[in-house]
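Below you'll find the structure, written out as C-alpha cells, and then a few comments.
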Amino acid sequence: MILTVNGRARRVDVAPDATLLSVLRDQLHLTGAKPSCERGECGACTVLLAGPDGLVEPIYACVTLAIAHEGHSITTIEGLAPAGGLHPVQAAFVEHDAVQCGFCTPGQVLAAVALLAHESDPSEDDIRRAMSGNLCRCGTYPKIVTAIRSAAETMRGSDGG
C-alpha cells in the first residue's frame, strides 16, 4: 500500500493488524511518535491526519490501523517544519521552556498544531481541553499552555490578522 507521510508517497508492506505507529517507526524509521501506553491514553504517539476533506486532526498512531489511512496525508513531527527551521509551535515550546525530558513533546506539539489549525485564538480552556489527551509526566502543563498561546499570537501575526 501507499502511505503519504510528511508530503511523500511511500510504499509500505502492511499486515492487516499493523498499527500506524509500528509502520512509521519500523518501516519508515520516523521515531518522533513514541510508543508508551499502547492504548491511546497518553498522546506520545500523536500524529496529524489530513483526510480527503483537508481537515487536520490529531490521532493516536498506536491504536489506529495503518491500512485505514491510505489516501490520507499523515504528518509526523519530523515533517512539521521546513528543513533547518522550526514551526512556530516548536519555537514557542523552546522559548517558553515547555519541554523537559522531551518524551511527550512531539505529541504535544502536533496536538497544539491541530488545535491552532482549527482555532487561531484559543482560550486557556480551549487549550487545556485540546491538550487533555496528551500527558506530560514532567508536569510542564502551565508552560505548554503559555507556549501555545504565544504560538497562536505569532501565527496570527504572520497571517496579517
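We did not get these values from a lab; they are worked out from the coordinates using the rules stated. In this text, all values refer to a predicted model and were calculated from it rather than measured experimentally. Positions of Cβ are generated from backbone atoms using ideal geometry, with glycine treated the same way; all protein chains shown enter the neighbour counts.
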Stokes-Einstein D in µm²/s, Kirkwood radius over Cα pairs - the stretch 88-158 at 25 °C with 0.890 mPa s viscosity:
211
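For the chain, take N as its residue count and report Rg(C-alpha) divided by 2.2 N^0.38 Å. List each step's numbers first, then the result.
Working: Rg = 15.2 Å, N = 161, 2.2 N^0.38 = 15.2 Å.
Rg over 2.2 N^0.38 Å, computed on Cα atoms: 1.00.
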Over the chain, relative contact order from alpha-carbon pairs under 8 Å, at least 6 apart, %:
24
At 25 °C in a medium of viscosity 0.890 mPa s, the stretch 37-108 has a Stokes-Einstein diffusion coefficient, with Rh taken as the Kirkwood radius over alpha carbon pairs, in µm² per second, of 183
Projecting each Cα onto the charge dipole of the stretch 1-97 (Lys/Arg +1, Asp/Glu -1 at the beta carbon, about the Cα centre), which of Leu80, Ala9, Pro35 comes out farthest on the positive side?
Ala9
Fewest-first sequence of Ile2, Ile144 by Cβ atoms within 10 Å of each Cβ
Ile2, Ile144
Provide the FRET efficiency to the nearest 0.05 for the Asp97-Ala50 pair, computing r from the beta carbons and using R0 = 45 Å.
0.90
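Ordered by packing density, taken as the mean number of other Cβ atoms within 10 Å over each peptide's residues, highest first, how do 81-87, 120-126 rank?
120-126, 81-87
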Span from the the stretch 1-50 Cα centroid across to the the stretch 126-148 one, whole angstrom
23
If one compares the long axis through the Cα atoms of helix 105-118 with the longest principal axis of the Cα atoms of the chain, the angle in degrees, nearest 10, works out at 80
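Which value, in debye to the nearest 20, describes the size of the charge dipole of the chain about its Cα centre when Lys and Arg Cβ atoms bear +1, Asp and Glu Cβ atoms bear -1, and nothing else is charged? Before the final figure, lay out each step's value.
Numbers: 12 positive and 18 negative charges, 73 e Å.
Its charge dipole is roughly 360 debye.
With a cut-off of at most 12 other beta carbons within 10 Å, and DSSP calling the residue loop, which trypsin sites (Lys or Arg not before Pro) in the stretch 94-155 qualify? Please list them.
On the way: sites: Arg128, Arg129, Arg137, Lys143, Arg149; in loops: Arg137.
Of the trypsin sites (Lys or Arg not before Pro), the ones in loops of the stretch 94-155 whose Cβ has at most 12 other Cβ atoms within 10 Å are Arg137.
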With no solvent and one point per C-alpha, what does the Debye sum give as log10 I(q)/I(0) for the stretch 38-80 at q = 0.20, 0.23, 0.27, 0.33 Å⁻¹?
-0.61, -0.79, -1.02, -1.24
